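Just so you know, all these numbers are worked out from the coordinates, no wet-lab data involved. None of these values were measured; they are calculated from a predicted model. Reconstructed Cβ throughout: ideal geometry from the backbone, glycine too, with neighbour counts over all protein chains shown.
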Ligand code: R5P
């Protein structure tokens with residue numbers, strides 16, 4: 001059986017459709033004081049359950065909702081409960097950057113397991129170290145083949161380079177470059193605060209080339225836009241960007257609109273407003289069939 005939280009109803013519905021399973025009925029509502037109430041309206045005893053949720057928007061609320069649904073499923077004696085996250089929040093807090101800071105990605109793992117999760121399927125985790133935070137099976141699924149395939153339809157690979165906008169993006173960018181059979185270039189990024197990044201230098205050559213900037217998350221847009229400007233200054237001819245998760249916080253889309261980025265290719269792992277989804281610089285790639293197939297085959 002599949003249940004969906006309330007974070008991304010359209011994707012939840014589409015995933016269930018691709019998996020060929022009718023979404024389980026549940027009642028979710030808020031008490032006047034803001035507390036969440038959940039009631040599972042199906043017989044779940046002894047059943048294998050998938051619970052879909054995206055923690056891209058309002059992560060604190062939807063995490064709590066996930067935990068409460070898990071508790072209801074566990075108490076209903078489900079045989080197994082696989083949490084399916086199209087976006088795992090707090091993933092960037094995967095290590096102690098300095099004394100006195102938390103490892104919130106690990107805390108989230110502990111919360112999910114103690115609430116009843118017995119498996120996790122996660123799409124494009126920010127860092128693979130998160131897999132090790134769980135003592136239950138974790139199936140890390142990637143949308144990159146979908147994004148790569150789409151890029152192949154847009155550019156002539158003869159004169160293209162993939163650019164990783166920071167050290168964290170090296171692995172993804174190099175996988176993109178390898179798959180596309182094009183050179184890789186890298187930018188050195190330093191984060192000043194959560195809204196500001198500074199970029200220093202570029203290793204590799206982008207002059208006269210089409211550039212595909214590749215990152216896992218676009219949040220404020222600062223990283224991609226700054227990287228695009230550097231590529232433009234260094235003579236890039238066209239600049240495209242791909243990310244798995246488009247959070248597009250605050251004026252991120254305006255920044256992209258006014259930047260040298262021609263197009264940003266992004267999955268629908270996080271719900272998006274009509275304005276973003278229909279923006280001429282945005283191409284949405286659906287991960288519904290990817291996640292639906294994974295659930296249907298129950299093979300990872
Ligand atoms: C950071 O490690 C991530 O991979 C992204 O580079 C970052 O989240 C992007 O954030 P922003 O769009 O705010 O620059």
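With all pairs of separate Cα atoms included, region 231-286 yields a Kirkwood hydrodynamic radius of 11.8 Å. Normalising the average separation of contacting C-alpha pairs (under 8 angstrom, six or more residues apart) by the number of residues puts the relative contact order of region 184-280 at 25 percent. Kirkwood hydrodynamic radius of region 50-90, from the reciprocal of the average inverse Cα-Cα distance over all distinct pairs: 10.5 Å.
Hydrodynamic estimate: the Kirkwood radius of region 72-200 over Cα pairs, inserted into Stokes-Einstein at 20 °C and 1.002 mPa s, corresponds to D of 125 µm²/s. The protection proxy used here, the mean number of other Cβ atoms lying within 10 Å of each residue, ranks peptides 131-139, 235-243 as follows, highest first: 235-243, 131-139. Here region 73-127 has an Rg and Dmax of 13.1, 42 Å, counting Cα atoms alone. Centroid-to-centroid, using Cα positions, region 274-300 and region 1-79 are 19 Å apart. Beyond 29 Å, what percent of the Cα pairs of the chain remain? So the pairs more than 29 Å apart make up 37 percent of the total in the chain. The calculated FRET efficiency for the pair residue 37 and residue 114, based on their C-beta separation and a Förster distance of 30 Å, comes to about 0.90.
The ellipsoid that matches the Cα gyration tensor of region 16-99 has semi-axes, each √(5λ) in whole angstrom, of 25, 17, 13, with the longest given first. Compactness of region 196-300, taken as the C-alpha radius of gyration over 2.2 N^0.38 Å, stands at 1.18. One chain, two ends: residue 17 and residue 30. Fully extended at 0.36 nm per residue, the span grows by 2.0 nm beyond their Cα-Cα distance.
With contacts taken as Cα pairs under 8 Å and at least 6 residues apart, the chain reaches a relative contact order of 15 percent. Along its three principal directions, the equivalent ellipsoid of region 1-160 from the Cα gyration tensor extends over semi-axes of 28, 22, 15 Å, largest first. For region 115-180, the equivalent ellipsoid derived from the alpha-carbon gyration tensor has semi-axes of 30, 14, 7 Å in decreasing order.
Going by neighbour counts of Cβ atoms within 10 Å, the residues 123, 67 line up, fewest first, as 67, 123.
When you count the other C-beta atoms within 10 angstrom of each residue and take the mean per peptide, 102-112, 3-13 line up highest first as 3-13, 102-112.
Each 10 Å bin, from zero up to the one with the longest distance, holds this percent of the alpha carbon pairs of region 167-232: 20, 57, 21, 2. Rounded to the nearest 5, the antiparallel percentage of DSSP beta bridges internal to the chain is 20%.
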